[in-house]
Amino acid sequence: MKINALYTSSGERKYLNAEEREAFKRSALSMPPHIRTYGLFIYYTGVRTSEALEVTPERLNFEDNTVLIRTLKQNPDKPDKYRVLDLPDTFLFSLESEYKAKTKKQNKRGHKVRLWPFTDRSGQNYIKQIMNEAGIEGVKATARGLRHSVGVMMAMNKTPMNVISDVLGHENPKNTLIYMEIMGAERRELMSAIW
């Protein structure tokens, strides 16, 4: 069996499959607002946790149902790169009702207000909490496993590689190629379409 970047050396999957994604979503919906919205934001976008934690209300576009993300993990010698990601309108509505995101731009000191003002470590722990509640275990039960699942689901839905690369913020196309090498039940599902 060929092992790629989406599997451990023992063959364990590093991403959530469709059933696990649905279980994650159900579990997230039962969490307190700050955990629920943070978890669902990563679920819908596949952004890195540190990218999610930078989001401020100014980056949300309620007319286009999008969010502007500063791409991290890029060459530090290059200028910042941003990408625009789509969000479900119902999710944006929940951000507005929970955080007053259309109007809340600064705190009392005049500083920009982040939607989720906690640390990256806390964010990782919140994702883990949702995974535990959903009964998802192993190496895939992380924010990275959730991120990988976005790439895999996009690949399975025949999303062009350049779109997957843009959504996930990959500077190098080689990083996106791993999603074209899915195996197991997901690969079998794709193959069965031609049988």
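With a/c under 1.5 counting as rounded, go ahead and sort the range 18-190 into rounded, prolate or oblate using the C-alpha gyration tensor (a ≥ b ≥ c being the square roots of the eigenvalues; past the cut-off, prolate if a/b is larger than b/c, else oblate).
The shape class here is oblate.
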Checklist line | In the range 44-148, lysine pairs closer than 15 Å at Cα, eight or more apart or cross-chain | finding: 5
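Given +1 on the Cβ of Lys and Arg, -1 on the Cβ of Asp and Glu, and no further charges, what dipole in debye does the chain carry about its Cα centre, rounded to the nearest 20?
The calculation lands at about 560 debye.
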Next item on the list: With r as the distance between the Cβ atoms of A5 and V113 and R0 = 25 Å, compute the FRET efficiency 1/(1 + (r/R0)^6) and round to 0.05.
Entry: 0.10
Next item on the list: Sum up the charges of everything whose Cβ sits under 12 Å from the Cβ of V152, counting Lys and Arg as +1 and Asp and Glu as -1, but leave V152 out.
Entry: +2
Notebook entry, point to check: Which one of D80, D166, D120 has the biggest mean-square fluctuation once the chain is modelled by GNM with Cα springs under 10 Å?
Noted result: D80
Checklist line | Cα→Cβ-extended label distance, 7 Å offset, between A18 and T56, nm | finding: 4.0
Checklist line | Residue-averaged [θ]222 nm for the chain, counting only DSSP H segments that reach four residues, each worth -39500 (n - 2.57) | finding: -13500 deg cm²/dmol
Notebook entry, point to check: Can you tell which of I130, L68, V55 lies farthest toward the positive end of the dipole of the range 18-190, using +1 and -1 charges on the Cβ of basic and acidic side chains (Lys, Arg; Asp, Glu)?
Noted result: V55
Item checked: Label point distance in nm, R26-E63, each placed 7 Å from Cα along Cα→Cβ -> 4.0
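Throughout, read-outs are computed from the coordinates displayed, never taken from laboratory work. Treat the numbers as computed from the prediction; the structure is a model and nothing was measured. Note that each Cβ is placed from the backbone with ideal geometry, even for glycine, and that neighbours are counted across all protein chains shown.
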